[in-house]
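Here the structure comes first, spelled out in structure tokens, and everything after it is commentary.
The values are calculated or read from the model by the stated rules, or taken from the named source; none is laboratory data. Since the model is a prediction, treat every value here as computed from it, not as a measurement. Cβ: placed from backbone, ideal geometry, glycine included. Neighbour counts: every protein chain shown. All accessible areas refer to the heavy atoms of the entire protein, side chains included, with ligands and DNA or RNA removed. Shrake-Rupley method; radii C 1.70, N 1.55, O 1.52, S 1.80 Å.
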Amino acid sequence: ETRPWPEAKRAIPARVRAVMSEDRPGDFAQALMDLGATVCTPRDPACPVCPVAEFCKGREQGDPARYPIKPPRKAQPVRRGVCFVMMRDGRVWLERRPGKGLLGGMLGLPGSDWSEAEPVDTRPPLPGDWQNRGAIAHVFTHFKLDLTVMSAALSADPALGTALAERGEWLPLAAARKALPTVFRKALDRALIR
């Protein structure tokens with residue numbers, strides 16, 4: 001059948017129940033899995049040895065590898081943001097992210113919110129000679145992130161202010177790289193390119 005995938009997917013359980021053995025449902029399920037793993041494979045179905053070939057609509061239509069027809073993937077939304085890499089004496093400033101939400105509770109680089117609109121608050125956390133180091137792209141399961149990376153080498157003892165000091169800490173570069181999730185590690189690496 002060439003129904004749209006969501007509709008076909010809903011119809012499958014009823015069709016399987018209609019042919020499933022009631023006294024050995026586990027064996028039936030295992031047989032279906034084995035059939036899909038060894039005979040009716042997505043790229044190269046072995047129709048000549050298939051025990052259910054006579055019932056196969058794909059084989060009947062002459063192109064069994066075409067099935068199931070999956071819908072095209074939806075384009076992922078793109079979010080944008082800015083992050084700030086602050087360096088001081090071979091150390092990097094990292095902040096603890098909020099406990100809930102994406103990358104919750106992990107260490108990260110300070111920055112703006114990530115949204116589909118242009119970032120609103122792009123002010124650096126501290127004054128300095130900030131350089132735009134370009135952008136990195138990172139793909140999460142439900143969106144793509146374009147993150148502009150700004151970096152600055154700060155004075156030996158910048159005045160952090162109480163709110164900033166409570167959110168983070170200076171870590172040696174090697175320790176910071178190990179502590180960061182991939183998206184922030186990519187941003188840190190971008191900032192370090194000369």
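One table, with the values for the structure above:
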{"quantity": "Residue in the range 55-62 that is more than 20 Å from G108 (Cβ to Cβ), open to solvent by 50 Å² or more (accessible area, probe 1.4 Å) and either small (G, A, S) or not in a helix (DSSP H, G or I) (or both) present", "calculated": "yes"}
{"quantity": "Some residue of the range 133-141 being more than 26 Å from R73 (Cβ to Cβ), in contact (Cβ under 8 Å) with a residue 40 or more places away in the chain and crowded, with 17+ Cβ neighbours inside 10 Å", "calculated": "yes"}
{"quantity": "Selected residue (criterion: most open to solvent (accessible area, probe 1.4 Å)) from residues of the range 13-45 that are part of a loop (DSSP other than H, G, I, E, B) and within 24 Å of R3 (Cα to Cα)", "calculated": "R43"}
{"quantity": "Yes/no for V85 being in contact with a strand residue (DSSP E or B) (Cβ under 8 Å, 6 or more places away or on another chain) and among the aliphatic types (A, V, I, L, M)", "calculated": "yes"}
{"quantity": "Where A65 falls short, out of the listed (1) within 30 Å of F143 (Cβ to Cβ); (2) open to solvent by less than 50 Å² (accessible area, probe 1.4 Å)", "calculated": "(1)"}
{"quantity": "Qualifying residue in the range 106-129 (condition: surrounded by 12 or more Cβ atoms within 10 Å (Cβ to Cβ), over 30 Å from A75 (Cα atoms) and among the hydrophobic types (A, V, I, L, M, F, W, C))", "calculated": "yes"}
{"quantity": "Residue selected from the range 158-186 under the condition among the hydrophobic types (A, V, I, L, M, F, W, C) and modelled with pLDDT under 75, by the criterion farthest from V139 (Cα to Cα)", "calculated": "A159"}
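For every residue, the table says whether it meets (1) of a type in the set (V, I, T); (2) under 30 Å from L109 (Cα atoms); (3) without any contact (Cβ under 8 Å) to a residue 12 or more places away in the chain; (4) in contact with a helix residue (DSSP H, G or I) (Cβ under 9 Å, 6 or more places away or on another chain).
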site	(1), (2), (3), (4)
D34	no, no, yes, no
V52	yes, no, no, yes
K70	no, no, no, yes
V92	yes, yes, no, yes
